[in-house]
Amino acid sequence: MAATPIAVVTGASSGIGAATARQLAAAGYRVVLTARRKDRIEALAAEINEAGHQATAYALDVTDRAAVDEFATAFRTLAVLVNNAGGALGADPVATGDPADWRQMYETNVIGTLNVTQALLPALTGSGDGTIVVLSSTAGLSTYEGGGGYVAAKHGEHVLAETLRLEIVGTPVRVIEVAPGMVRTEEFATTRFRGDTEKAAKVYAGVDAPLTADDVADTITWAVTRPSHVNIDLLVVRPRAQASNSKVHRTS
Ligand SMILES: NC(=O)c1ccc[n+]([C@@H]2O[C@H](COP(=O)([O-])OP(=O)(O)OC[C@H]3O[C@@H](n4cnc5c(N)ncnc54)[C@H](OP(=O)(O)O)[C@@H]3O)[C@@H](O)[C@H]2O)c1
């Protein structure tokens with residue numbers, strides 16, 4: 001009997017990562033959930049196992065290269081890596097943005113993705129059929145006022161995905177980039193505005209049906225489960241009410 005393929009999901013403690021872990025598990029992968037908050041990924045792994053699927057949890061900060069390398073030693077082969085850990089800090093204009101925020105966003109979104117991808121690439125290649133997903137954003141494709149540091153970091157992640165695809169062509173690993181627009185997750189905007197839930201709520205105010213974490217997880221799972229020779233290079237997904245980063249229809 002063939003072994004169950006393994007999928008590693010970073011940032012699986014909330015939002016899109018948690019939803020993706022649930023959906024990949026239901027699609028037949030043994031999912032390895034990683035994030036810094038151990039209690040949350042352990043609870044989610046228990047939920048997935050109770051549902052009759054397979055999951056384990058491993059606490060990991062993607063910016064800690066030594067910890068990432070240690071984590072990677074557990075894998076001789078790996079089918080799927082979803083680089084989802086990331087996020088935004090602040091919405092200040094370039095003129096006044098805090099360089100510390102810019103640095104942290106670059107560290108998490110770009111270097112975090114680089115760390116995990118480098119560490120797990122041998123196992124993905126060794127599987128003979130590996131898939132790397134990079135969860136960038138429409139902020140990685142065009143800019144918007146107040147996006148500054150996040151836009152710069154997500155452009156970096158986009159470039160990482162594009163460059164890696166060029167460099168590893170001919171190996172049995174594909175690189176899929178999923179770039180969502182507005183997704184209403186419980187933590188993304190609250191983290192961006194450092195716990196200010198009023199400011200966070202304004203991001204989605206009057207928008208008829210922003211995307212949900214499940215919508216994006218569905219997109220990721222669809223892309224990952226295409227036949228091996230089919231590479232979805234870049235998939236942009238937005239809610240119907242959003243035509244661009246700055247053109248959003250609001251009813252109020
Ligand atoms: N929501 C949106 O509108 C939207 C749109 C486009 C793209 N995205 C991207 O989609 C991804 C997920 O976003 P989301 O909306 O689901 O946000 P979220 O709910 O805030 O989730 C972010 C996840 O990243 C993890 N994380 C953050 N820093 C980490 C680190 N240093 N090491 C390991 N894990 C870390 C967090 O877990 P811990 O805190 O437990 O470590 C959490 O699980 C992000 O890359 C985000 O930029 C979001």
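Just a few scattered comments:
- Nonpolar atom fraction for the chain, defined as the carbon and sulfur part of the 1.4 Å probe accessible area, stands at 53 percent.
- In the chain, helices alone account for a calculated mean residue ellipticity at 222 nm of -12000 deg cm²/dmol, with every DSSP H run of four or more residues adding -39,500 (n - 2.57).
- Note that region 138-213 presents 46 Å² accessible area per residue, ligands and nucleic acids not counted, probe 1.4 Å.
- Check: region 129-252 dipole with +1 on Lys, Arg Cβ and -1 on Asp, Glu Cβ, in debye: 340
- One equal scatterer on each Cα of the chain, no solvent, Debye formula: the resulting log10 I(q)/I(0) at q = 0.14, 0.16 Å⁻¹ is -0.91, -1.20.
- For the chain, the longest principal axis of the alpha carbon atoms and the long axis of helix 112-126 meet at an angle near 20°.
- Ordering of 184-196, 99-111, 24-36 by burial proxy (mean other Cβ atoms within 10 Å per residue, highest first): 24-36, 99-111, 184-196
The values are calculated or read from the model by the stated rules, or taken from the named source; none is laboratory data. Keep in mind it's a predicted model, so treat the numbers as computed, not measured. Here Cβ is always computed from backbone atoms with ideal geometry, including for glycine, and neighbour counts include all displayed protein chains. The accessibility values were calculated without ligands, DNA or RNA, using every heavy atom of the protein model including side chains. Shrake-Rupley method; radii C 1.70, N 1.55, O 1.52, S 1.80 Å.
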